[in-house]
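Novice: Here's a structure for you.
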Amino acid sequence: MSGRGILDADMQTVGRWISAGVSWWLDQLSTLVPQRLRDWQTTRRILADYQPETGEFLTRLDPAAPYPARLGPVTIILPAGFCLTRMIERPAMIPRDLESMIQLDGARIMPMAAEDMLIATRIVSRSETTGRMQVEVAAMPRPAADALSVALARLDQPCLGILTATPEPLEVPPINFLPMLQKAGLARNRSRGAMPLWIAVGMLLILNIGILVWRDSEAVKILEARVAQQQPAIGAVRRINAQIARADGFAAATVDARRTGEPMDMLARIAATLPQGVWVQRYTWQGDALRLSGYRPPQADIAGGLRRAGLRVERYSDSSSAGQNALGQPFEVTLRITRQ
């Protein structure tokens, strides 16, 4: 079925599609019921023989039931000869397609016009090798169906089925005319009677969902209002945190500046870095530069030691050509008081 066909369908056709889908779904669910429960329901049904002469139903208990029910829905059994039946052979198909085909070919299969009878079918057997099946077709004359409808209207108990023969524990049940009578409007449809209840349940469900959505939206609004009320306090906390972060940064910068720029600290670092035997004669500060001059022993690497200590050596002069005196060889080095 195409999407255009669904959009072009009228509400009655859509209703039939939905009803067929629900019926299929209920049939699938019924297959999930344990066999013991299905047998228990079958053995407790009430049978009623239809009397066409008087329009009465003679109730009888199901002899196959160990504990037969006495109250509840009834299954009506039609008398022999009430319907015209015949056996036909058709290609294997699903029951819904078979029903549609039989309704179209009813006038050719039975010796009555289509508007003068109600037709029901059942599949008797299938052949997997030939791909065909044996089908029993039953036709109920329209006057007999009208009389049965009048009798059903006087029945106090609900009707579960209108069968062509007494149900036996066989694999294939007899033909059921109740769906045909319901489609023709000659019998009450129990599902239609329950439709207002389902509509009420659906409306209550929608109302419940709407209430839940409304409560959630109201809870969100209350939360948003509380957050808006806390915004001034949150802003003050954020400002305080920013001031604390700036103070921490200033303190860290001060500590770093003192660690790297204090003269005494710098002198202590240089004294610890110079090789053993070096004698510093003069410290001269020039802005951020420090010039050292003095004497060193032979083979003493003054510039390398200062660089390994993390000090920046800008200029190094070594008077190695001058004569060595008692203090050693003279040297002069200029440092930049910053980290590399």
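The values are calculated or read from the model by the stated rules, or taken from the named source; none is laboratory data. Treat the numbers as computed from the prediction; the structure is a model and nothing was measured. So basically every Cβ, Gly included, is an ideal-geometry build from the backbone, and we count neighbours across all protein chains shown.
Novice: Does the stretch 145-157 include one or more residues that are assigned by TED's automatic domain parsing to the domain that holds Thr54, part of a loop (DSSP other than H, G, I, E, B), without any contact (Cβ under 8 Å) to a residue 12 or more places away in the chain and under 42 Å from the mean Cα position of the chain (by Cα)?
Specialist: In the first step, residues of the stretch 145-157 are kept if they are assigned by TED's automatic domain parsing to the domain that holds Thr54; the result is 145-157.
When the remaining residues are screened for being part of a loop (DSSP other than H, G, I, E, B), the result is 154-157.
Checking the rest, the ones that are also without any contact (Cβ under 8 Å) to a residue 12 or more places away in the chain come to 156.
Of the ones still in play, those that are also under 42 Å from the mean Cα position of the chain (by Cα) are none.
Within the stretch 145-157, not a single residue is assigned by TED's automatic domain parsing to the domain that holds Thr54, part of a loop (DSSP other than H, G, I, E, B), without any contact (Cβ under 8 Å) to a residue 12 or more places away in the chain and under 42 Å from the mean Cα position of the chain (by Cα).
Novice: Within the set of pairs 6 or more residues apart or between chains, which connect a residue that is within 15 Å of Glu136 (Cα to Cα) inside the stretch 77-106 to a residue that is of a type in the set (Gly, Ala, Ser) and exposed (fewer than 11 other Cβ atoms within 10 Å of the Cβ) with Cβ atoms less than 8 Å apart?
Specialist: Pro91/Gly131; Ala92/Gly131
Novice: I'm checking my understanding of the structure. Among residues of the stretch 271-303 that are of a type in the set (D, E, K, R) and under 15 Å from Ser317 (Cα atoms), which one is surrounded by the most Cβ atoms within 10 Å (Cβ to Cβ)? Explain how you work it out, then say what you get.
Specialist: Residues of the stretch 271-303 that are of a type in the set (D, E, K, R), as a first pass: 282, 288, 291, 296, 301.
Now drop any that are not under 15 Å from Ser317 (Cα atoms), which leaves 282, 291, 296, 301.
On the way: Arg282: 9, Arg291: 15, Arg296: 21, Asp301: 11.
So, considering only residues that are of a type in the set (D, E, K, R) and under 15 Å from Ser317 (Cα atoms), the one surrounded by the most Cβ atoms within 10 Å (Cβ to Cβ) is Arg296.
Novice: Could you say whether any residue in the stretch 301-312 is within 21 Å of Asp256 (Cα to Cα), in a strand (DSSP E or B) and modelled with pLDDT under 80? Steps first, answer last, please.
Specialist: Pass one, the stretch 301-312, residues within 21 Å of Asp256 (Cα to Cα): 306-312.
If we keep only those that are in a strand (DSSP E or B) as well, we get 311-312.
Still in the running and modelled with pLDDT under 80: 311-312.
Checked against the condition, which is being within 21 Å of Asp256 (Cα to Cα), in a strand (DSSP E or B) and modelled with pLDDT under 80, the stretch 301-312 yields at least one hit.
Novice: Say whether the condition of being over 30 Å from Glu56 (Cβ atoms) and at pLDDT 90 or above is met by at least one residue in the stretch 143-154. Steps first, answer last, please.
Specialist: Taking the stretch 143-154 as the starting set, the residues that turn out to be over 30 Å from Glu56 (Cβ atoms) are none.
No: the stretch 143-154 contains no residue that is over 30 Å from Glu56 (Cβ atoms) and at pLDDT 90 or above.
Novice: Please go through the stretch 80-132 and give me each residue that is under 48 Å from the mean Cα position of the chain (by Cα), small (Gly, Ala, Ser) and outside any helix (DSSP H, G or I), ordered by number. Step through it out loud before you land on a result.
Specialist: From the stretch 80-132, those under 48 Å from the mean Cα position of the chain (by Cα) are 89-106, 118-132; that's our starting set.
Cutting the leftovers down to small (Gly, Ala, Ser) gives us 92, 100, 106, 120, 125, 127, 131.
If the condition is that a residue be under 48 Å from the mean Cα position of the chain (by Cα), small (Gly, Ala, Ser) and outside any helix (DSSP H, G or I), then Ala92, Ala120, Ser125, Ser127, Gly131 are the ones that fit.
Novice: Right, here's the next one. Quick check on the stretch 205-244: of everything there that is under 23 Å from the mean Cα position of the chain (by Cα) and among the aliphatic types (A, V, I, L, M), which residue is farthest from Pro158 (Cα to Cα)? Please lay out each step first, then the result.
Specialist: Taking the stretch 205-244 as the starting set, the residues that turn out to be under 23 Å from the mean Cα position of the chain (by Cα) are 205-217.
If we keep only those that are among the aliphatic types (A, V, I, L, M) too, we end up with 205-207, 209, 211-213.
Working: Leu205: 29, Ile206: 31, Leu207: 32, Ile209: 35, Ile211: 38, Leu212: 39, Val213: 41 Å.
If we take residues in the stretch 205-244 being under 23 Å from the mean Cα position of the chain (by Cα) and among the aliphatic types (A, V, I, L, M), then Val213 is farthest from Pro158 (Cα to Cα).
Novice: Report, by residue number, each residue of the stretch 26-54 that is at pLDDT 75 or above and outside the structural domain of Leu152 (by TED's automatic domain parsing). I'd like the intermediate steps shown before the answer.
Specialist: Taking the stretch 26-54 as the starting set, the residues that turn out to be at pLDDT 75 or above are 46-54.
Once the filter is applied, which keeps residues that are at pLDDT 75 or above and outside the structural domain of Leu152 (by TED's automatic domain parsing), the stretch 26-54 yields nothing.
Novice: Pull out all pairs, ordered by first then second residue, where Cβ-Cβ is under 9 Å, the residues are six or more apart or on different chains, the first lies in the stretch 107-127 and is more than 17 Å from Ile175 (Cα to Cα), and the second is polar (S, T, N, Q) and in a strand (DSSP E or B).
Specialist: Ser127/Gln134
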